[in-house]
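What follows is a set of notes on a single structure, which appears directly below.
Quick note: the coordinates plus some simple rules give every number you see, no bench work behind them. Everything numeric here is computed off the predicted structure, so don't read it as measured data. Here Cβ is always computed from backbone atoms with ideal geometry, including for glycine, and neighbour counts include all displayed protein chains.
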Amino acid sequence: MKKIAILGSTGSIGTQTLDIVRNFKDELEVVAMAAGTNVDLMEKQVREFCPKVVTMWEEKAAAELKSRLQDMEITILTGMDGLLEIAVLPEVEVLVTAIVGMIGIRPTIEAIKAGKDIALANKETLVCAGHIIMPLAKKHNVAILPVDSEHSAIFQSLNGEPKNRISKILLTASGGPFRGKTRAQLGNIQVEDALKHPNWAMGRKITIDSSTLVNKGLEVMEAKWLFGVEPEQIQVVVHPQSIIHSMVEYVDGAVIAQLGLPDMKLPIQYALFYPDRRVMNEKKLDFFELQNMTFEKPDTETFYGLKLAYEALETGGNVPTIYNAANEKSVALFLEKKISYLQIPEMIERSMRKIKRIDNPDVAQILETEAEVYEYILSLI
């Protein structure tokens, strides 16, 4: 029985992880869960999966959950202290980091120090702290198992191959709902338009990120740390059908790809059972239904958030944190209808030009950079 903990159990990745646990009740046990404020869903999850420890980010939500679960023997914690306690629980073998934001960095670090394998779905962990996380994982002999569909595809395509034979990574992107549009056509985009992803069902923030190609920029940064390649070895390929989830080209010209229908359960399940595979009772890829696949270059002039990601990665230091924090705050403001769609990449660029670069930042400096970016963006509006 593999014992897991889930940070972000009420979100998209968290709920799909629990779907997999339902299918493998004899092999997976959830011993701890954490969420933000969704008390209703967390109560249902706790009653079904009976974890020993639960954390809610906000104290009010924790108090409400505690009141509802008086009939159960369970420890209910709050805030960062709760996340850190879950991360180092002795019985946890795999920590699923499906929580959104930089609050995922510290629990991931503590879990690695405690020898836990990481099923990684929190982008900020590597985007902002890859220079800390990857050496630490190596030191403690901990596996970083990517849950993101693209990085899982690369991880699978690398299986059994020497990493020093990689020529380049081909990171696929659907192109989002606005593929082919000009910047002028994006001027009046509303929140409801940007939340209509053509292929994937995801959370609100990541859906917006996908539409701006900023999500792909964040994935480029992650790929650099996960697979030990240089930025120039990572090529984004727009593949509207989202069937090829990513590819690896080797020095001899061979290209190995992982294909499948757009379904996050596959990479989640692969991470939980790695290196084994389990039966998945979902619809399988039918090539006769598919008929064709197409590929395009990304439009980095219209969707220049992707170009800015490469710049941030090349510049290094705390600049990827500036990029990520600026995007996070800008997307939140767009979802609140306080800024326009095109202001998202504009805010990112202005922040990258304004905020002071710090070489090799520690966790405290990463979090300070985030706060500084937030303050700067709010000053702009």
Fill in: Separation of alpha-carbon centers, segment 77-98 and segment 224-238, rounded to whole Å
30 Å
Item to complete: Please give the contour-minus-distance gain from K25 to R183: 0.36 nm per residue of separation, less the Cα-Cα distance, rounded to one decimal in nm.
Response: 52.0 nm
Worksheet item: Hey, what D do you get for segment 74-204 in µm²/s if you plug the Kirkwood alpha-carbon radius into Stokes-Einstein at 4 °C and 1.567 mPa s?
Response: 75 µm²/s
Discussion item. Can you compute the FRET efficiency between L136 and E93 using 1/(1 + (r/R0)^6), with r the Cβ-Cβ distance and R0 = 22 Å? Round to the nearest 0.05.
Written reply: 0.80
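In debye, nearest 20: dipole of segment 74-135 around its Cα centre with unit charges on the Cβ of K, R (+) and D, E (-)? Write down the numbers at each step before the final one.
Values: 4 positive and 7 negative charges, 41 e Å.
Charge dipole of segment 74-135: 200 debye, to the nearest 20.
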Fill in: Scaled radius of gyration (Cα, divided by 2.2 N^0.38 Å) that segment 268-381 gives
1.46
Worksheet item: Zone of A143 (label point 7 Å along Cα→Cβ, backbone N under 20 Å): which residues in segment 219-243?
Response: 223, 225-228
Worksheet item: So what's segment 219-328 giving for Cα Rg divided by 2.2 N^0.38 Å, two decimals?
Response: 1.27
Worksheet item: Projected onto the charge dipole of segment 107-263 (+1 at Lys/Arg Cβ, -1 at Asp/Glu Cβ, origin at the Cα centre), which of C128, F155, L195 gives the Cα projection farthest towards the positive end?
Response: C128
Discussion item. Using just the Cα positions, wrap the chain in a convex hull and report its mean projected area in square nanometres, one decimal place.
Written reply: 18.8 nm²
Fill in: Pairwise centroid distance, computed over Cα atoms, of segment 1-49 with segment 241-292, Å
24 Å
Discussion item. How much length would be gained if the chain were fully extended between Q365 and N159, taking 0.36 nm per residue of separation minus their Cα-Cα distance, in nm to one decimal?
Written reply: 70.6 nm
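In this model, which of K196/K265; K2/K224; K52/K216 are farther than 27 Å apart at the alpha-carbon? If you can, show how the numbers build up before the last one.
Numbers: K196/K265 20 Å; K2/K224 30 Å; K52/K216 36 Å.
Check vs 27 Å cut-off fails for K2/K224; K52/K216.
Taking the Cβ of T10 as the centre, find all other residues whose Cβ is under 12 Å away and add up their charges (Lys, Arg: +1; Asp, Glu: -1).
Local net charge: -1.
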Worksheet item: For the pair F288 and E311, how long in nm is the line joining their label points, each one 7 Å along Cα→Cβ?
Response: 5.1 nm
Worksheet item: If you build a Gaussian network model of the chain, linking Cα atoms that sit under 10 Å apart, which residue out of T78, T321, T125 swings the most?
Response: T78
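Mind checking the full-extension length gain between Q233 and L378? Use 0.36 nm per residue of separation minus the Cα-Cα distance, one decimal, nm.
Working: separation 145, 0.36 × 145 = 52.20 nm, distance 3.56 nm.
Between Q233 and L378, full extension yields an extra 48.6 nm.
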Fill in: Radius 10 Å from Cβ of S351, net charge of other residues (Lys, Arg +1; Asp, Glu -1)
+1
Fill in: Beta bridges by DSSP in the chain, antiparallel share as percent, to the nearest 5
25 percent
